[in-house]
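The block underneath contains the structure these notes are about, expressed in structure tokens.
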Amino acid sequence: MGKRVLMNGNEALGEGAIRGGCDCYFGYPITPQNELTAYMAVNMPQREKVFVQAESEVAAINMVYGGAAAGKRAMTSSSSPGISLKQEGISYMAGAQLPGLIVNVQRAGPGLGDIQPSQADYFQAVKGGGHGDYRLLVLAPASVQETHDFAAQSFDLADKYRMPVMILTDGRLGQMMEPFELWEGKIETFDKPWALIGAKGRSGNAIHSYWGQAPGLEIVNLALQEKYRLIEKEEVRFDTYKLDDAELMLVAYGTSARLCREAVDLACADGIKAGLLRPITLWPFPSREISARLARMKKVLTVEMSAGQMVEDVRLAVNGAVPVEFYGRLGGAVMTVREIYEKIKAIA
Amino acid sequence: MVMTPVYKKPKTLRDASMHFCPGCGHGILHKLLAEIIDELGIRERTIGVAPVGCSVVLYDYLDLDISESAHGRAPAVATGISRCLPGAVVFAYQGDGDLASIGTAEVIHAANRGEHYVTVFVNNTIYGMTGGQMAPTTMVGQASTTCPGGRDPETMGNPMRMCEMLSALDSPSLIARVKLDGPAGIRKTRATIKQAFEYQMAGKKFPFVEVLSPCPTHWKPRPGKRWSASARKWRRFSRSRCSVNSACRTGIFCCRGFDGSRLPRPLRSRMKGNLTNVIPAKAGIQEVLA
Ligand SMILES: Cc1ncc(C[n+]2csc(CCOP(=O)(O)OP(=O)(O)O)c2C)c(N)n1
Ligand code: SF4
Ligand SMILES: [Mg+2]
């Protein structure tokens, strides 16, 4: 069992990434993720790993692209406005099939918004964000422990599928402190015959997303889609709470899922049969897992710190079988357990 | 009779037919790079970064490990690669739209950090790949699809002088401007880029070579004439000494209109001030345009 320590979510994420074999970190200051960059500034050089403060998020993601092209485990982190700037580079990484870790400690938007926690970047993370037909594998932790563990595991996933992985947390998860156990898992090593390390005894490798001559680009796109279908089959992660004999299914991720757990307890104490399904991978989304549990359900309630983004995927999964209700707070406001409990009572 | 080869295609040059227009500087420069890499014996530890522009498929022509980069982001990609592979020889190949417009921030900060990679900056005063639009380096009076009446410094600014701008920084070890014009110019280009690679291999920071390069296609050739009037002027001015600062040979890109006219007096004297200010004691600019 790993040693128990106390850190905030951002620092725990940094330590997790280092334990997951992170070779290089490239960042740019933005609240509420600054503790992560600061943690890496201290701890990466200490372990003789690369740390660079880039001149912008655009540069940082392209440094990740370069590090990944050189076969290294590369990462960057930011918060919402900075993640918007990274979208071009993320699309290029997806197109060039480069692995890497991108962390979004979400804050409220649109625009400069505020540094308060939010879940309004779901669409950006899950539906693309950048241009072209691509996906990110998106992991949504709901505790400091998970933030730490997912960071450690993310590079294996990225290398296995040769694609960028995103960890989607928020200002609350990033800033709060919780005791957790240090990850002591084993890192997988992957052959990277495609990496740019110097063409010793072979012809040169090329990393690119440009395919000037048809039908190259369609073939590459079809191969990407095939990979995405495989990931949808293999990598869906979710968690349930008191769902077995529930008649009302709450669906929530990250910070709102923590609040929903407590609201479920209050509801159950009142005799309302409520339970929670918490998506951990936002893409691939646990659609089948939701639809397979609808037989007993009278209703579904999605709770998000947004105007309702994930609820669209929940509605697709439910496909009209039962009504899907929504409760959300916007612009950096975090709902209380009481508010969720009142909503449950109102619809149950 | 025994035949001995006196000239061979460089090993680093792939057996591919290039897509460049006849007379384009990119093809010449690709060959020079291949020759330099062969001569230095560094093919197996060299990593190139290609830009977005007419030279985007550098990897189809040079048999090296090469990464494409997003438009203007080559300095960041080269930073990522060279930080991760300290023993490698890394170079970035960038056009003028790529480096001096969309990627201005990236190149200035990579230069300031003193990143360990060579920059080959191909300045053809135009956006070649997208069809001949105005670049930050387009000469005063030069026509393009987006400045059909010629570049007017009043509203479009004067051509950006990247060598001068970068030489205001302390880190770069070499800042040079050369031109791909005539055998002498090509030989000097080759020698200067080779020097830049040697600097990088010796651990010196951010060697930077600007290569003035022709884009015959978008310099609007006239049917029946070998060179357009503008291209002939480019050649003439690329040889002329600066009329403002005799130590400077960037005349074509800053002090003169593309049509040969001298710029208005106030502008000239302002630039004179600029020019003396931007040449630092430490780095200096090598001008090998003669
Ligand atoms: C983000 C982005 N904006 C615009 C373009 C379109 N584009 C492709 S090449 C290019 C300019 C290339 O000009 P330059 O860098 O001077 O290279 P050249 O073709 O002249 O060698 C532009 C604007 C792009 N690919 N990506
Ligand atoms: S458009 Fe200009 S830069 Fe591009 S290949 Fe043709 S001549 Fe060369
Ligand atoms: Mg150009």
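No value in this document is a laboratory result; all are computed from the given coordinates. What you see is a predicted model, and the numbers here were worked out from it, not measured in a lab. Methodologically, a virtual Cβ is constructed for each residue, glycine included, from the backbone with ideal geometry; neighbour enumeration extends over all protein chains shown.
Points to keep in mind about this one:
- Residues in segment A:48-90 that a label on A:His131 would reach, taking backbone N under 12 Å of a point 7 Å out along Cα→Cβ: A:88-89
- Calculated SAXS-style log₁₀ I(q)/I(0) at q = 0.18, 0.19, 0.21 Å⁻¹ - segment A:146-203, Debye, Cα scatterers: -0.78, -0.83, -0.92
- Across chain A the C-alpha pair distances fall into 20 Å bins from zero in the proportions 31, 56, 12, 0 percent.
- Pairwise FRET efficiency - A:Leu112 versus A:Ala346, Cβ, R0 = 45 Å, nearest 0.05: 0.85
- Dipole moment magnitude, nearest 20 debye, segment A:4-234 about Cα centre, only Lys, Arg, Asp, Glu C-beta charged: 580
- In chain A, the calculated helix contribution to ellipticity at 222 nm averages -12500 deg cm²/dmol per residue, counting -39,500 (n - 2.57) for every DSSP H run with n ≥ 4.
- Top positive-direction residue, dipole computed over chain A with Cβ charges, set A:Gly109, A:His131, A:Met7: A:His131
- Peptide-level mean, for B:56-65, of C-beta atoms on other protein chains within 10 Å: 5
- Extending 7 Å from Cα along the Cβ direction at A:Lys3 and again at A:Glu184 yields two label points whose distance is 1.0 nm.
- Order of B:Asp170, A:Asp156, B:Asp15, B:Asp98 - criterion: other Cβ atoms within 10 Å of each residue's Cβ, fewest first: B:Asp15, B:Asp170, A:Asp156, B:Asp98
- Compactness ratio for segment A:97-218: Cα radius of gyration over 2.2 N^0.38 Å (N = residue count) comes to 1.32.
- FRET efficiency, 1/(1 + (r/R0)^6) with R0 56 Å, evaluated for B:Ala184 and A:Met177 via beta carbons: 0.25
- At 1.002 mPa s and 20 °C, Stokes diffusion of the protein assembly as shown via Kirkwood alpha-carbon radius, µm² per second: 80
- Here A:Ser291 and A:Val42 are evaluated by their C-beta separation; at R0 = 35 Å the FRET efficiency comes out at 0.15.
- A full extension of the chain between B:Ala202 and B:Thr130 corresponds to an added length of 22.2 nm, given 0.36 nm per residue minus the alpha carbon distance.
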